[in-house]
Amino acid sequence: MIKIEKRINTGDIERLYSELEGQDGLINILLPAYIESNDIGITSHIIQFVSTWVRKANAGFLLLNIPNQSDECYNDFLRESYAFPCIIMCWDKGIFDFKTNENLKPKLRDYNKEIHKKMLTLDVLKGQRLLLTCFDHLWRDVGLLNAFYNDNEFITSDTLLSFILYPSIEKVLAASIEVKKKNVKPGIIDDLILIIYELMKNTDDWARTDEYNQTLNPNVRGLFANFLRRKKEAFVERYINHEGLKDYFDTIAPNDQDEIYLLELSVFDSGIGFIDKKVGSKIGEAMSPLEQANLIKECLIKNVTNEQGIYKHSKGLGLDRILRTLDDTGFFWIRTGNVSLYRNLKKDRYTEIKAIEEIQLYDWSSHTTNQITSFDRCAGSVINIIYPINYR
């Protein structure tokens, strides 16, 4: 059994991948009732880890450690941002109580419906966090959210998504009384929604099917948005041992209370990942981390391909457009295949480029552009964006 601790951080999750690779026989996963960690990216990386486990031939059962059988406890658990995607992904594997071995699926059905209803109405979860997920293996009227799809096709523009999603992003940003009292700087929400549009559109193009264009079962694609407010010193201290994040937070100007307001945006999927989708699993698994990093860089070049998505949208614009939007502002982090790469766009400004050698992506561990660490292979892709909400 692999236990996900309530105080887990993203570094711990990487160690769990090694544990997953090193165990023989059926492997169960134990989820906690809640997560105490406030690590940036923790929600999406838990979902990615569970999705990786689900794909394994020796994946066993999902075990839940809920304190008691009360409605309040189940309701609180399903409102945890990682819970619903993991539950739906693991539904056919079996979900049991860790202490009693009771089959929990009959109890979870009604709570699942409530969370799905919240997503259909674009309502926030507890803590003013927004979670929107699509499941490609379910019936389309259930699996595809109307926030992103119209008549089963991905919506045609970020302008339309802004009309749909603007009030929900405002709710996320209104997580503190002080934020409610102040107007969000003009254009910030538009930038955020543009990023969401491009990233979710990217999952529609790349993450719904395997390399043979067959729908993945199960498969999740989703968005998580989370407002963060801390003293600048707290952000810097929290990431003192990560050169990339520490440097980033060092550059952010705090408000008059020496606080930094941020929006954490994560878009995740459990597909086969950028690498395997681009070159096929046999080639992808044989590629070195540096080769994988270069392949990701290709996806960041504007108009790198004339391929057409399944709904005939041109590819090769989205990720470049995101970097342009984040220029002099944000932080970009991608975990896919065997690599984990980032870019601080306060430090490494956006420029339109034509060759992968010009793209600056840094390894999560070495903090260099050419010494690329080989992480354990994960399912799908996670892209985390940090976007400061600056009122000065």
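The values are calculated or read from the model by the stated rules, or taken from the named source; none is laboratory data. Only a predicted model underlies this, so the values are computations on that prediction, with no experimental measurement involved. Cβ sites come from the backbone with ideal geometry, for glycine too, and all protein chains shown count toward neighbours. Side chains are part of the model used for accessible areas, which takes the heavy atoms of the whole protein and leaves out ligands, DNA and RNA. Shrake-Rupley method; radii C 1.70, N 1.55, O 1.52, S 1.80 Å.
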Filter the stretch 259-273 for residues that are of a type in the set (A, V, I, L, M, F, W, C) and either part of a helix (DSSP H, G or I) or open to solvent by less than 30 Å² (accessible area, probe 1.4 Å) (or both) and give the result.
ILE260, LEU262, LEU263, LEU265, VAL267, PHE268
Got at least one residue in the stretch 11-25 being outside any helix (DSSP H, G or I), among the small types (Gly, Ala, Ser) and farther than 21 Å from GLY222 by Cα?
yes
Considering ASP110, ASP97, ASP123, ASP76, which residue is closer than 19 Å to LEU265 by Cα, over 18 Å from the mean Cα position of the chain (by Cα) and not basic (Lys, Arg)?
ASP123
Just name the residue that is nearest to PHE77 (Cα to Cα) out of those in the stretch 122-157 that are open to solvent by less than 10 Å² (accessible area, probe 1.4 Å) and β-branched (Val, Ile, Thr).
THR133
Scan of the stretch 233-247 for residues that are outside any loop (DSSP other than H, G, I, E, B) and among the aromatic types (Phe, Trp, Tyr), ordered by number:
PHE235
Being closer than 23 Å to TYR17 by Cβ and in contact with a Gly (Cβ under 7 Å, 6 or more places away or on another chain) is true for just one of ASN65, ASN58. Which residue is that?
ASN58
Number of the condition not met by PHE227 [criteria: (1) in contact with a helix residue (DSSP H, G or I) (Cβ under 7 Å, 6 or more places away or on another chain); (2) assigned to a helix (DSSP H, G or I); (3) within 20 Å of THR329 (Cβ to Cβ)]
(2)
Across the stretch 29-75, which residue is modelled with the lowest pLDDT among those that are surrounded by fewer than 19 Cβ atoms within 10 Å (Cβ to Cβ) and among the polar types (S, T, N, Q)?
GLN69
Taking the stretch 230-275 on its own, how many of its residues are hydrophobic (A, V, I, L, M, F, W, C) and closer than 30 Å to VAL220 by Cα?
9
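Conditions tested, residue by residue: (1) among the small types (Gly, Ala, Ser); (2) closer than 28 Å to PHE227 by Cβ.
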residue: ILE13; (1), (2): no, yes
residue: ASP24; (1), (2): no, no
residue: ILE27; (1), (2): no, no
residue: ALA33; (1), (2): yes, yes
residue: THR43; (1), (2): no, yes
residue: GLN48; (1), (2): no, yes
residue: ALA59; (1), (2): yes, no
Name the residue, out of ASP276, ASP256, that is acidic (Asp, Glu) and surrounded by fewer than 17 Cβ atoms within 10 Å (Cβ to Cβ).
ASP256
For the stretch 341-372: of the residues being buried (at least 21 other Cβ atoms within 10 Å of the Cβ) and without any contact (Cβ under 8 Å) to a residue 60 or more places away in the chain, which is farthest from the chain's Cα centre (by Cα)?
LEU345
In the stretch 227-243, what residues are touching an Asp or Glu at 6+ places or on another chain (Cβ under 9 Å) and either of a type in the set (D, E, K, R) or touching a residue at least 40 places away in the same chain (Cβ under 8 Å) (or both)?
PHE227, LEU228, ARG229, ARG230, LYS231, LYS232, GLU233, ARG238
